[in-house]
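To start, the structure itself, in structure tokens.
Each value in this text was obtained by applying a stated rule to the coordinates, not by laboratory testing. Everything quoted here is computed from the prediction, not taken from an experiment. Using ideal geometry, Cβ is built from the backbone for each residue, glycine included, and neighbour counts are taken over all protein chains shown.
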Amino acid sequence: MRSGRLSAVVVGVLLTGGCAHATGVAGVSMKAPAEAVALTPAPSGSPSTDEQSSVQRPAAADPVKVPPPQVSQYKYAFPVKGCKATYQRKLLILPKTTIWAAKGCTFIAPIDGVVDEISTGDRWSASTDRGADREGRFVSIIGEDGVRYLGGHLDSVAANLKPGSKVKAGQKLGQVGNSGNARATAPNLYFAISWKTGPAFWWVRRGMVEPWDYLDAWLKGNRTLSPKEETFRLRGKVGETPACTTLCAGRSATPPEKEEEETKKPPRKKPATPSPSPSPSLIDTSTL
């Protein structure tokens, strides 16, 4: 009796606990908390236009100007000064270039040096086309680097220049023109690089080393790029006075020296016609 009453009390306690927690397991409540936890919003993809415009870039420093590397002890100048100039950058017939510029533009010494040869007159003739005369009026100098530089087709040569005159880089040597075999073309400067020889070897003077890479450097900033090494390497290969191989002969079949001799000879005399006379007349046969 007593044990049955105890069992009834235990059952009643269990039923009372079950009513107090209608749902859940082991006393865990299933009701939502009174206050929700605030969530942090996810960042948007990119800033708005207003946000971008409000950002100020820091001021950039001025670019650092780095001088070109010094590749030789010499300093050069582009040979045409004070004028717009263009030039050929490919081998056509001879290893030289034509620098196109207006008539009267200044041809200057590309390096310190000494005047080698000067031609103040235009001796070229289309009828003979002598190779030594094709550059017309020209000036060549031997630079302090030992290289020879030629400027031809000049309209005029600077006053007071003579072989042996010392010149400085940038000094006026003449004015651009179209003398020599450029007579029918636009004004230009015939520019060539070679090594010193005597006047008899004019085909060396007119160009042995392609000049455009050096002109590029002297015009665009690296004024120390020197043709010295290339020039003397080539001279060692072909010799100081190599034979002429291109555009060597002129149009005259008779050498100019013989032509001059022929023009100096007196004209041949015609034999005298004997007049009718009983006595015979004497004829000088030495003139026949």
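Please report, in debye to the nearest 20, how large the charge dipole of segment 80-238 is about its Cα centre when each Lys and Arg carries +1 at its beta carbon and each Asp and Glu carries -1 there.
On the way: 25 positive and 15 negative charges, 17 e Å.
Here the size comes out at about 80 debye.
The distance linking segment 96-125 with segment 181-254 is 13 Å (Cα centroid to Cα centroid, whole angstrom).
Note: relative contact order over segment 91-230, using C-alpha pairs below 8 Å and six or more positions apart, is 31 percent.
Summing Lys and Arg as +1 and Asp and Glu as -1 over all other residues whose Cβ lies under 13 Å from the Cβ of Trp212 gives a net charge of 0. Normalised by 2.2 N^0.38 Å, with N the number of residues, the alpha-carbon radius of gyration of segment 80-238 equals 0.95. By other beta-carbon atoms within 10 Å, ranking Lys172, Lys96 with the fewest at the front produces Lys172, Lys96.
Panel order for Phe201, Phe78, by other beta carbons found within 10 Å of each beta carbon, from fewest to most: Phe201, Phe78. Other residues with beta-carbon under 11 Å from the beta-carbon of Glu117 carry, at +1 per Lys or Arg and -1 per Asp or Glu, a net charge of +2. When the pairs Lys103/Lys172; Lys162/Lys237; Lys81/Lys237 are compared against a 24 Å limit on Cα-Cα distance, Lys162/Lys237; Lys81/Lys237 fall above it.
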